[in-house]
Amino acid sequence: MNTTTIAPSEGTTTTAARTRVLSTQEQAIAENKKVLTGTASDRVLRMFEAIRASGPPRVALERAVYFTESFKTTEGQPLVLRWAHALKNIAEKMSVAIFDDELIVGRPCTWFGKYSLVYPELDGTIIQEGAKAFIEAKKAGAPDAVTVTDEDKQIIDEVLFPYWKGKDFTPNFIKALPLRPDTCSGVLIPRMWGPSFRS
């Protein structure tokens, strides 16, 4: 069992340190190990180092743009057909990048490194706030904050958000839930929410 001691954070009233159990992977990362068990080939270690050296993750929008492009042209069609057309559009237009040392290829971006995918069909209503939070975290010096370039922000603001606001999964899921009266106020709220979800 691997453990690490965590000192109390500033401003807390407790003085006791906490002990947290680390997984094998977390322990290896904490010790800057490259291989968890056994050995790895030079090829694998080169790829590992290249990804590690690539810096913080960057937002990957190409899939989201092609998905949105297709959905704009298929409004009114059955959802299963819209998804099929979107997948076809992505497969036909997505950039293909093959990097040194790769035996299995295919990634949703054109850089060799960490990335954060955007699924506007799931989170399109909050995509602008998410990008803003990433940008603010980067400005505040967060070491692994997702990078959102000016071009990425423009795509989010001008292409993705205007189309998906209110059309993504979450608001439509909540609209579809049966309503019930809130136990405190009597206001009708979605059935899945109750007093235990309050902050």
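Throughout, read-outs are computed from the coordinates displayed, never taken from laboratory work. Just so it is clear, the structure is predicted and the values come from calculations on it, not from any experiment. Virtual Cβ from ideal backbone geometry, glycine too; neighbours counted across all protein chains shown.
Of note:
- Cα-Cα over 30 Å, subset of K88/K167; K88/K138; K34/K93; K138/K175: K88/K138; K34/K93; K138/K175
- Taking amide H as placed 1.01 Å from N in the peptide plane, R180 has its amide H under 5 Å from the amide H of I189, R191, each at least 5 places away in sequence or on another chain.
- Amide H contacts of L22: N2, T3, T4, each under 5 Å away and 5 or more positions distant or on a separate chain (H built 1.01 Å from N in the peptide plane; Pro and chain starts excluded).
- Cβ-defined net charge surrounding L81, 15 Å radius [Lys, Arg +1; Asp, Glu -1]: +1
- Put simply, the amide H of S116, placed in the peptide plane, has neighbours under 5 Å in R58, V59, A60, leaving out anything fewer than 5 places away on its chain.
- By other beta-carbon atoms within 10 Å, ranking L188, L122 with the fewest at the front produces L188, L122.
- Rounded to whole Hz, the Karplus (6.51, -1.76, 1.60) HN-Hα couplings of region 151-157, x for glycine and proline: 5, 4, 4, 5, 4, 4, 6
- Neighbour-count order for V59, V118, V105, fewest beta carbons within 10 angstrom listed first: V105, V59, V118
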